[in-house]
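S.K.: Below is one structure. I have some questions about it.
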Amino acid sequence: MSINQVSATELKTRIQNEPHLFLLDVREPNEFQYARIENSVLIPLNQIPERLSELDPQQEMVVICHHGVRSSQACMYLVHSGFTNVSNLTGGIDAWSSDCDSSVPRY
């Protein structure tokens, strides 16, 4: 199964043009506190199964982590759970910081 991928620069454009876009951050709380994309929502990867009901399966969503590995796992789980509009941020928050917003700390 292939998961939709979105680059940091593509995401920046989508955020500007699609106000309904949901940003799901699956990192740990300490990572989220240190560096995040504005208006993203934190649900750590290991909490997704128990918090699935908080998410709308029809909502267009981009999943974010540090480098794109955990978010890819989350995307696969969400797709298997019936979510249809899920994309993975390629390179994660690290790519966002280097390509789009240098005010977001890298770690």
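S.K.: Which of the residues spanning the stretch 14-47 are surrounded by 10 or more Cβ atoms within 10 Å (Cβ to Cβ) and part of a loop (DSSP other than H, G, I, E, B)?
M.R.: Glu18, Leu21, Val26, Arg27, Glu28, Ala35, Arg36, Ile37, Asn39, Ser40, Ile43, Pro44
Here's the yes/no breakdown for (1) among the charged types (D, E, K, R); (2) more than 17 Å from Glu10 (Cα to Cα); (3) in contact with a Ser or Thr (Cβ under 9 Å, 6 or more places away or on another chain):
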site: Glu54; (1), (2), (3): yes, yes, no
site: Gln58; (1), (2), (3): no, yes, yes
site: Val62; (1), (2), (3): no, no, yes
site: Val79; (1), (2), (3): no, yes, no
site: Gly82; (1), (2), (3): no, yes, no
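S.K.: Between Glu50, Glu54, which is in contact with a strand residue (DSSP E or B) (Cβ under 9 Å, 6 or more places away or on another chain), of a type outside the set (Val, Ile, Thr) and open to solvent by 60 Å² or more (accessible area, probe 1.4 Å)?
M.R.: When all the criteria are applied, what remains is Glu54.
S.K.: Have a look at Ser2, Ser53 and point out the one that is small (Gly, Ala, Ser) and modelled with pLDDT of 95 or more.
M.R.: When all the criteria are applied, what remains is Ser53.
S.K.: Give the residues of the stretch 68-85 that are open to solvent by 70 Å² or more (accessible area, probe 1.4 Å) and not in a loop (DSSP other than H, G, I, E, B), sorted by residue number.
M.R.: Val69, Gln73, Met76, Tyr77, His80
S.K.: Taking the stretch 57-67, which residues are touching a strand residue (DSSP E or B) at 6+ places or on another chain (Cβ under 6 Å) and crowded, with 18+ Cβ neighbours inside 10 Å?
M.R.: Met61, Val62, Val63, Ile64
S.K.: Would you be able to tell me the number of residues in the stretch 1-13 that are in a helix (DSSP H, G or I) and either loosely packed, with under 12 Cβ neighbours inside 10 Å or of a type in the set (A, V, I, L, M) (or both)?
M.R.: Residues flagged as in a helix (DSSP H, G or I) and either loosely packed, with under 12 Cβ neighbours inside 10 Å or of a type in the set (A, V, I, L, M) (or both) within the stretch 1-13 amount to 2.
The values are calculated or read from the model by the stated rules, or taken from the named source; none is laboratory data. Computed from a prediction, not measured in an experiment: that's the story for all the values here. Glycine also receives a Cβ, built like all others from the backbone with ideal geometry; neighbour counts cover every protein chain displayed. The area values use the complete protein model at the heavy-atom level, side chains included, leaving out ligands, DNA and RNA. Shrake-Rupley method; radii C 1.70, N 1.55, O 1.52, S 1.80 Å.
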